[in-house]
């Protein structure tokens, strides 16, 4: 794992944590939800801290989901295009300021075009939180004001776990409306849903328009905390922690895996929806930095497992 030198080099260590630094919202409707998550992960041994995020333009509002990250932890800079108060072509630079372990800045570029003649009600497709395998349906009204000959020719999705049905258009003087049903299929994988639909119309100037699809399929099994801090342990000392493991159905913990033999676990017996696992770390005689994955193996269908990461220091 990378370790910072005593004097920070000229290379931008902070930018290496980001999987991407640019995003184009393309064409979106007035008042619709337009958010993009710039994910980043602490790949270093030291803690990383976000001191501030700012935007060069009021058309974009940036926020950070978590400002302090230990080793292996992830977070996101969420850039929101303000489609209710701005129209037309917009672009902004979001600056992320880090002050730990060293000062650095990362620039994230966002752009998009906000149309005034197309609106969605509601402003996005939000499935909320669902159980694994649960089918969800959402209904949305698409309105175009202006050309009565405007038509939607296709709806495209990069996600095979979404199904879309579009009604026939309702045409009134100066208004064309569609009812669209979006179904989240039972095959949608666990985790956060950040997808989008692309509506293809017969508008030659602006043939496509984007729509956000959000939600979350909660894991079949989860462990809390996901990032376990052991703090600073003295050589030869011990640190004890307790893990909470839960699921929607009764289950049994069959095994807890960790390649570091300094970790030991008391595994509870029986089947139930919630288990407590007592974890003990016994430090050796040598100063060290700890960053270990812990995997909890259950008897749930498919051999479902849950993972957490334990970090700390021996001095």
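The values are calculated or read from the model by the stated rules, or taken from the named source; none is laboratory data. These numbers were taken from a predicted model, which means no experiment stands behind them. FYI the Cβ positions are ideal-geometry reconstructions off the backbone, even for glycines, and counts take in every protein chain you see.
Could you pull out the residue among 38, 98 that is buried (at least 18 other Cβ atoms within 10 Å of the Cβ), touching a residue at least 40 places away in the same chain (Cβ under 8 Å) and over 20 Å from the mean Cα position of the chain (by Cα)? So that I can check it myself, show each step before the final result.
Details: 38 fails: over 20 Å from the mean Cα position of the chain (by Cα).
Result of the check over 38, 98: 98.
Yes or no, residue by residue, for (1) out of contact with any strand residue (DSSP E or B) (no Cβ under 7 Å at 6 or more places or on another chain); (2) at pLDDT below 95; (3) over 25 Å from residue 217 (Cα atoms):
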| site | (1), (2), (3) |
| --- | --- |
| 245 | no, no, no |
| 261 | yes, yes, yes |
| 293 | no, yes, no |
| 311 | no, yes, yes |
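Going through region 178-201 one residue at a time, which ones are part of a loop (DSSP other than H, G, I, E, B) and closer than 12 Å to residue 213 by Cβ? The answer is 188, and nothing else. Does residue 215 satisfy the condition of being at positive phi and either out of contact with any strand residue (DSSP E or B) (no Cβ under 9 Å at 6 or more places or on another chain) or assigned to a loop (DSSP other than H, G, I, E, B) (or both)? No: the conditions fail for residue 215.
Going by what's in this entry, would residue 108 be described as at negative phi, in the same structural domain as residue 58 (by TED's automatic domain parsing), touching a residue at least 40 places away in the same chain (Cβ under 8 Å) and assigned to a strand (DSSP E or B)? Spelling it out, residue 108 is indeed at negative phi, in the same structural domain as residue 58 (by TED's automatic domain parsing), touching a residue at least 40 places away in the same chain (Cβ under 8 Å) and assigned to a strand (DSSP E or B). Scanning region 252-266 for residues that are more than 16 Å from residue 242 (Cα to Cα) and assigned to a strand (DSSP E or B) yields one hit, 254. Taken over region 56-71, residues that are more than 19 Å from residue 86 (Cα to Cα) and in a loop (DSSP other than H, G, I, E, B) amount to 5.
Count of region 138-177 residues, restricted to those that are under 23 Å from residue 126 (Cβ atoms), in a strand (DSSP E or B) and without any contact (Cβ under 8 Å) to a residue 24 or more places away in the chain, is 3.
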